[in-house]
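Asks: Sharing a structure with you now.
The values are calculated or read from the model by the stated rules, or taken from the named source; none is laboratory data. Worth saying up front: this structure is predicted, and the values here are computed from it rather than measured. Here the Cβ is made from the backbone with ideal geometry for all residues, glycine too, and neighbour counts use every protein chain on show. The area values use the complete protein model at the heavy-atom level, side chains included, leaving out ligands, DNA and RNA. Shrake-Rupley method; radii C 1.70, N 1.55, O 1.52, S 1.80 Å.
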Amino acid sequence: MQYNFNEIEAKWQKYWAENQTFKAENNSDKEKFYVLDMFPYPSGAGLHVGHPLGYIASDIYARYKRHKGFNVLHPQGYDSFGLPAEQYAIQTGQHPAITTATNVKRYREQLDKIGFSFDWSREVRTSDPKYYKWTQWIFIQLFNSWYNKGTDKAEDIETLITVFEKDGNATINAVCDDAIAAFSAVDWNSFSDKRKQEILLQYRLTYLAETEVNWCPALGTVLANDEIVNGVSERGGHSVIRKKMTQWSMRISAYAQRLLDGLEKIDWPQPLKDSQTNWIGRSQGASAVFNVNGHDEIIDVFTTRPDTIFGVSFMTLAPEHDLVLQITTPEQKEEVEAYIEATAKRSERDRMADVKTISGAFTGAYAEHPFSKEPIPIWIGDYVLAGYGTGAVMSVPCGDQRDYDFAKHFGIAIPNVFEGVDISEEAHADKDKTIIANSDFLNGLPYKKAMKLAIYELEKLGQGEGKINYRLRDAVFSRQRYWGEPFPVYYVDGMPQMIAPEHLPIALPEVEKYLPTETGEPPLGNATVWAWDTVANKVVANSQLNNTTVWPLELNTMPGWAGSSQYFNRYMDPTNEDEIFSKEAMNYWQDVDLYIGGSEHATGHLLYSRFWQKFMFDKGLVPKDEFAKKLINQGMITGTSAFLSKVFLDNDKVEEILVKNPSNYSKEVKDDLVVLVGEVKSVYLSKGICEGRNTNSRILKFINSKTSFSSDILNLISFNIQKSHVNVRFVNSSDELEFKSLKVDLETKREYKDAEFITEEDGTFKVFREVEKMSKSKYNVVSPDEICEEYGADSLRLYEMFLGPLEQSKPWNTAGITGTHGFLKKLWRLYFDDNGAKFTDTEPTKDNLKTLHKTIKKVEEDIANFSFNTSVSTFMICVNELSAQKCTSKSVLESLAILVSPYAPHIAEELWSQLGNKESISTAPFPAFDASHLVESSKEYPVSFNGKMRFKLELPLDMSKEDIEAAVMSHEKTQQQLQGRTPKKVIVVLGKIVNIVG
RNA sequence: GCUCGAGUGGUGGAAUUGGUAGACACGUUGGACUUAAAAUCCAAUGGACAUUAGUCCGUAUGGGUUCAAGUCCCAUCUCGAGUACCA
């Protein structure tokens, strides 16, 4: 019986689908286990072998947990809103929904071929109105909430209104917009409805605000900070500028501290936690208020070093700071305005790239030092960022390098407030072990004490307080795109109103064009049926707009991360139309036990999801305030590109002879050169030829063998070699080019029909190889379909795991798959030979059991450590050993099938059924490890001399240290090694090693 | 610049708490089977010298701790990821 993997895999994939083998129930006596993958964006290119890596790992884990008796939830879906489908729509007019559906279908086919144990009955798609209904619903919940710092959680907006009606806003301790004017209860009750709404908007967890945003003109949309890489858009690499726009924002800053604290209770990779910590950027210090001489205005600054407050010799404001124009003196006006204009012109990117140039301008105004009451000059400088802190700093040149450089550049004084520290060359930023000097009441104090005292004194003056500042900004939530979730929002007199949840979903309207309108409105501005009828409660034609009952709807859509911030919860109850999920489903599944996905989502999806989860926790919707207990980042699989080296004539020389100075050369030379150019056009060299010594003469010899040239031309001309990609599918496991299949490469559209190949001595042609990112343009993409076709899904699954540690990035090389494929064939031959089944009811031998239980132990340890690569080699060792032992014991082979089943489920199912089982192997109990089979009576001790192993000696394990020493010392090889010397010391580690020193 | 991670054969990578470096594969070489190829099986495979036994050198580099270091400590170099004037 042959291992016919194509037939076997098709058979079991069909069986699983028909029997809904992996459908998870929302209630069960079994313990739950939730294994989640980051759902894919279905791109037009389909999957390559790098994509399924994480899915294979999570599938192994999910299948293993089923064997261990858990009720496993292992869903999959699609993050199907996104820019590529929209851009394709702009180019072709094709509706993004159609493109998306086509891509989803293709993804599903590819995923099915790999044999994942997904519960497809729970599939979600973020672009499905049935799904985004609940994304809209959460948006409404956020709108109807505010963050109470007193209780440290989100609360219903009604509770805020109640307080306003009773006490005004004086007692409210909320996370809200800066600088909300104080009002009393009387004030509040006398405010117009519109005024009340405006005020409430400043407290809501999602709010409209005029914000400075990252505007990408090429994409016609706003981008979040994490969508910008190196100053250009992540998608497409277009430039980004700062622009003020009215946008929806999410008050994620309210959760900054809780997002930080939460990291401690989740088992996520440290680098990922670190990048979230950096992103949130907590810094502890103080705010200090400086009065401005001759003005009512004050300058509020944040500092992490209040202990150095006596070292302040100037203040610096960001050029964009509101106060700048008010305080600038008439004499300085011209200079300041010129400077502001100059900085405004510089793009964010320029400012970032150019850190070294120091620039600024003096405003002519002075602030008053809170303690010394000395006047302090106020400057503006672009090293102070408007977006961080208050946009103003108290500059302490002796303690901060940037302040120091600024002071040096403009000749400002640099007072030293540190005891015994030299600041003639650079600032002294070190805080530990530093004693404060020249600082009045802070003199002689170490950093920590000085800091406390300075804050205390500031508070006493009413000019400051201890403060914690976060880098984390509120997240802009509006996008000027078509292919995203519409907001459930309409506008009455310019004020946003939520549509009642019972009328959701608000479906995307049809538009003729997917581009922004001519007046610069987002694509939804093109929709003709996009107005809200507050009587009929439905979307109606724009022509019915009457500003009494029919109002305009929001034209922006939500960003890509909206749909992905709650999908993991929706999987628990994905078809529920009445609630986002039922209480029962949520109480049963609780949270994700294992989440596998890429680290590129560290400060995007994974931060926003944690934020929404905490909000939903505050609202009592979910029982856990962290959605995923354990997270693993799978590494990237890179491609191994192949290169041909092509021969070129030295272009300058050719030009010289034929174009520039043809008269200098004979007709013969010119004629020969023309022929030569034609001959060389498609000559390729094998790797060995390029690396050999006489490459040039080899080429000459080859060319001359075809047409003879005069020695004149051959002396004149020289050859260059250039490497160009060749499709990896034409290269075999020995890096040799396969001429047979290489005629016309359809992907590179390059013809090799007339090409000449200069081969190695043995007639083979070797290519160059290099590891690069897997990408279409590098012709190194390998699709899982071809692999499944040729070697089978089980071989693919094993090979992807066998490549190396899950979290590490590693190169793909199709050649190696013969290893795991060969293993599966060998496994098969353990059960069957040409005559059929080999297994019998014979009792397993001691060796059989030892091999089996060794394997069980190792595999369970490996799965617990997510070390899937080593368990594949353990299987190989196991099969090698059992083959050598000629094991035919049915009980051993049955256990082996279950062990392998999470990794190679198709072959395992087939073996299981051939062994006579009627049910799927998927819930068969995992073999129990029995240590008694591994008990050894003796150990082959390595005997080392000065740490170098020389020989091995088999000794009983229960032998005492003294007896071992005696046995080793009396051994002839020991005497041979010592050559008469007496050892200084003999170290015996029981069960491990013997080391003889001397 | 800062933060984090990593450097082991021709290649991917193994190596609990410091305890036989290179498991398991790929590739390469030789052999068996075959008219031939594929498939399969067997053997060798870190380097150098010796080719029988053996000896020396080897985990990026230089030091250190230890009976014993890929593993721990210090310094240096290289690569990768994240972040960037954060007051």
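Asks: Before we move on, is A:Arg479 buried (at least 21 other Cβ atoms within 10 Å of the Cβ), more than 30 Å from A:Ser439 (Cα to Cα) and touching a residue at least 60 places away in the same chain (Cβ under 8 Å)?
Replies: Taking the combined requirement at face value, the residue satisfies it.
Asks: Is it fair to say A:Val782 is more than 9 Å from RNA strand B (Cβ to nearest atom), within 25 Å of the chain's Cα centre (by Cα) and either aliphatic (A, V, I, L, M) or at pLDDT 95 or above (or both)?
Replies: yes
Asks: Turning to a different aspect of this structure: Just for helices (runs of 4 or more DSSP H) wholly inside the range A:787-883: which have at least 3 residues that are open to solvent by 60 Å² or more (accessible area, probe 1.4 Å), near RNA strand B (Cβ under 8 Å from one of its atoms) and closer than 25 Å to A:His67 by Cα?
Replies: A:817-831
Asks: For the range A:954-989, give me the residue count where each residue is within 55 Å of the chain's Cα centre (by Cα) and either closer than 12 Å to A:Val943 by Cα or among the charged types (D, E, K, R) (or both). Walk me through how you get there before you give the answer.
Replies: Residues of the range A:954-989 within 55 Å of the chain's Cα centre (by Cα): A:954-961, A:964, A:985-989.
Filter again for either closer than 12 Å to A:Val943 by Cα or among the charged types (D, E, K, R) (or both), leaving A:954-955, A:958, A:961, A:964, A:985-989.
Within the range A:954-989, residues that are within 55 Å of the chain's Cα centre (by Cα) and either closer than 12 Å to A:Val943 by Cα or among the charged types (D, E, K, R) (or both) number 10.
Asks: Additional query: Can you name the residue in the range A:949-963 that is in a strand (DSSP E or B) and in contact with a Ser or Thr (Cβ under 8 Å, 6 or more places away or on another chain) and, of all such residues, is surrounded by the fewest Cβ atoms within 10 Å (Cβ to Cβ)?
Replies: Taking the candidates together, the pick is A:Glu954.
Asks: Can you confirm whether the range A:441-452 contains a residue that is over 29 Å from A:His321 (Cβ atoms), part of a helix (DSSP H, G or I) and more than 45 Å from the chain's Cα centre (by Cα)?
Replies: Yes, that holds for at least one residue.
Asks: Looking at the range A:919-948, I want the residues that are in a loop (DSSP other than H, G, I, E, B) and have a partner that is within 12 Å of RNA strand B (Cβ to nearest atom) and open to solvent by less than 70 Å² (accessible area, probe 1.4 Å) with Cβ atoms under 7 Å, at least 6 apart or on another chain. Which pairs are those?
Replies: A:Phe929/A:Glu860; A:Asn946/A:Val997; A:Gly947/A:Asn995
Asks: Would you be able to tell me the number of residues in the range A:916-934 that are over 18 Å from A:His67 (Cα atoms) and either surrounded by 11 or more Cβ atoms within 10 Å (Cβ to Cβ) or within 14 Å of RNA strand B (Cβ to nearest atom) (or both)?
Replies: Selection size over the range A:916-934: 3.
Conditions tested, residue by residue: (1) over 22 Å from A:Tyr567 (Cα atoms); (2) open to solvent by less than 10 Å² (accessible area, probe 1.4 Å).
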site: A:His51; (1), (2): no, no
site: A:Ala57; (1), (2): no, yes
site: A:Asn71; (1), (2): no, no
site: A:His74; (1), (2): no, yes
site: A:Tyr78; (1), (2): no, yes
site: A:Pro84; (1), (2): no, no
site: A:Tyr88; (1), (2): yes, no
site: A:Gln91; (1), (2): yes, no
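Asks: What about A:Lys133, is it in contact (Cβ under 8 Å) with a residue 24 or more places away in the chain and closer than 24 Å to A:Ser478 by Cβ?
Replies: Here the answer is yes, as A:Lys133 does meet what is asked.
Asks: Then there is this: Which of the residues belonging to the range A:309-348 are away from RNA strand B (no atom under 11 Å from the Cβ), touching a Ser or Thr at 6+ places or on another chain (Cβ under 9 Å) and either among the β-branched types (Val, Ile, Thr) or more than 29 Å from A:Pro415 (Cα to Cα) (or both)?
Replies: Correct list: A:Val324, A:Ile327, A:Thr328, A:Thr329, A:Val336, A:Glu337, A:Ala342, A:Ser347.
Asks: Can I ask one more? Just checking, how many residues over the range A:104-154 are among the hydroxyl-bearing types (Ser, Thr, Tyr) and open to solvent by 40 Å² or more (accessible area, probe 1.4 Å)? Let's see the steps before the verdict.
Replies: Restricting attention to the range A:104-154, the residues satisfying the condition of being among the hydroxyl-bearing types (Ser, Thr, Tyr) are A:107, A:117, A:121, A:126-127, A:131-132, A:135, A:145, A:147, A:151.
Retained after the next criterion (residues that are open to solvent by 40 Å² or more (accessible area, probe 1.4 Å)): A:121, A:151.
Residues that pass the stated criteria total 2.
Asks: For the range A:38-120, give me every one of the helices (runs of 4 or more DSSP H) that falls completely inside it and has 1 or more residues that are of a type outside the set (A, V, I, L, M), out of contact with any Leu (no Cβ under 7 Å at 6 or more places or on another chain) and at pLDDT 95 or above.
Replies: A:52-67, A:96-114
Asks: Need a quick list: strands (runs of 3 or more DSSP E) entirely within the range A:689-777 having at least 2 residues that are over 44 Å from the mean Cα position of the chain (by Cα) and either at pLDDT 80 or above or not β-branched (Val, Ile, Thr) (or both). Give the derivation first.
Replies: Values: elements: A:719-726, A:756-758, A:768-772.
Answer list for the range A:689-777: A:756-758.
Asks: Just checking, how many residues over the range A:376-414 are among the aromatic types (Phe, Trp, Tyr) and within 7 Å of RNA strand B (Cβ to nearest atom)?
Replies: Selection size over the range A:376-414: 2.
One line per residue, one yes/no per condition, for (1) of a type in the set (Val, Ile, Thr); (2) within 21 Å of A:Ile280 (Cα to Cα):
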residue	(1), (2)
A:Thr575	yes, no
A:Asp578	no, no
A:Phe581	no, no
A:Met586	no, no
A:Leu607	no, yes
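Asks: Looking at the range A:240-273, which of the residues that are assigned to a strand (DSSP E or B) and open to solvent by 40 Å² or more (accessible area, probe 1.4 Å) is nearest to RNA strand B (Cβ to nearest atom)?
Replies: By that ranking, first place goes to A:Arg242.
Asks: Sticking with this structure for a sec: Report yes if A:Gln463 is under 21 Å from A:Ala288 (Cα atoms), polar (S, T, N, Q) and loosely packed, with under 14 Cβ neighbours inside 10 Å, otherwise no.
Replies: No; evaluated as a whole, the condition is false for this residue.
Asks: Name the residues in the range A:973-997 that are modelled with pLDDT under 80 and either within 9 Å of RNA strand B (Cβ to nearest atom) or among the charged types (D, E, K, R) (or both), would you?
Replies: A:Gln976, A:Gln977, A:Arg981
Asks: For the range A:50-101, enumerate the residues that are among the β-branched types (Val, Ile, Thr) and without any contact (Cβ under 8 Å) to a residue 12 or more places away in the chain.
Replies: Selection gives A:Thr92, A:Ile98.
Asks: Residues of the range A:286-336 being on the phi < 0 side of the Ramachandran plot and small (Gly, Ala, Ser), which ones?
Replies: Matches in the range A:286-336: A:Ala286, A:Ser287, A:Ala288, A:Gly311, A:Ser313, A:Ala318.
Asks: Ok, one more. Output the number of the condition that A:His428 fails; it satisfies all remaining conditions of (1) touching a strand residue (DSSP E or B) at 6+ places or on another chain (Cβ under 9 Å); (2) buried (at least 17 other Cβ atoms within 10 Å of the Cβ); (3) modelled with pLDDT of 85 or more.
Replies: (3)
Asks: While we're looking at this one, here's another question. Would you please name the residue that is farthest from A:Glu374 (Cα to Cα), looking only at residues in the range A:284-305 that are more than 16 Å from RNA strand B (Cβ to nearest atom) and assigned to a strand (DSSP E or B)?
Replies: So, considering only residues that are more than 16 Å from RNA strand B (Cβ to nearest atom) and assigned to a strand (DSSP E or B), the one farthest from A:Glu374 (Cα to Cα) is A:Ile298.
Asks: Is it the case, given these coordinates, that A:Glu419 is at pLDDT 90 or above, open to solvent by 30 Å² or more (accessible area, probe 1.4 Å) and either away from RNA strand B (no atom under 16 Å from the Cβ) or more than 23 Å from A:Val292 (Cβ to Cβ) (or both)? Before you say what the answer is, go through the steps one by one.
Replies: Details: at pLDDT 90 or above: no; open to solvent by 30 Å² or more (accessible area, probe 1.4 Å): yes; either away from RNA strand B (no atom under 16 Å from the Cβ) or more than 23 Å from A:Val292 (Cβ to Cβ) (or both): yes.
When the stated conditions are applied, A:Glu419 does not pass them.
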